[in-house]
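Written out below as structure tokens is the structure these notes cover.
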Amino acid sequence: MSACDHEIVFIGMVNVNRDNYLQGVVDVWRCRKCRRMFCDDKRYGEPLKPSVGFESIPDDEEWGIVTCTTAKDVLMASTGVKPGKRIEHVCRGGEKVILTVTEGYGLEPSGGVPIHRLYLVRENINRNIEAGYYRLTVK
């Protein structure tokens, strides 16, 4: 881990939508000195944490947003990812799933319901991620 005395500033956010309805936001912060990125999730309908998270991820990982989409809702969480990493996830229905990050930053196993997707934060700062079931299944 970095030994930097961080000077963290806000650089943007990533909105996570379900068919054009906001489900949550990932605030994105960066250290001015070492350029490390930090993320903090805020989900619609959940109370705010008393402080901003600034959790760290290992140096060899980057921030990603994992979404779990059903016809009724989208769960989302930011986490550290790298190819080959296994992510343990519990869907809203209680099913435990182990997802593996692929070389192209996708998730395996893919397909089926719920739909699990991975979005890299660095590619989506100040953008909307459309993770709604309708948008993901209609071609």
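The DSSP beta bridges internal to the chain are antiparallel in roughly 90% of cases. Each label point was placed 7 Å from the Cα along the Cα-to-Cβ direction; for ARG35 and ASN128 their separation is 3.1 nm. Name the residue, out of VAL74, VAL90, VAL66, whose mean-square fluctuation peaks in a Gaussian network model built on the chain with Cα pairs under 10 Å. Residue with maximal mean-square fluctuation among VAL74, VAL90, VAL66: VAL90. Debye sum, Cα scatterers, region 1-42, no solvent: what log₁₀ I/I(0) at q = 0.14, 0.25 1/Å? Each listed q maps to, in turn, -0.39, -0.79. At full extension, LYS82 and ASP19 could sit 19.9 nm farther apart than now, given 0.36 nm per residue minus the alpha carbon distance.
Over the C-alpha atoms of the chain, the Rg to Rh ratio, Rh being the Kirkwood estimate, stands at 0.96. Using C-alpha pairs under 8 Å with a sequence gap of at least 6, the mean separation divided by the residue count of region 8-137 gives a relative contact order of 28 percent. Note on VAL97 and LYS42: the extension gain reaches 17.5 nm, defined as 0.36 nm multiplied by sequence separation minus the Cα-Cα distance. Annotation for GLU7 and ALA71: the two label points, set 7 Å from Cα along the Cα-Cβ direction, are 5.4 nm apart. Helical runs assigned H by DSSP (4 residues or longer) give the chain a calculated mean residue ellipticity at 222 nm of -500 deg cm²/dmol, each run adding -39500 (n - 2.57) before division by the residue total.
We did not get these values from a lab; they are worked out from the coordinates using the rules stated. Just so it is clear, the structure is predicted and the values come from calculations on it, not from any experiment. Reconstructed Cβ throughout: ideal geometry from the backbone, glycine too, with neighbour counts over all protein chains shown.
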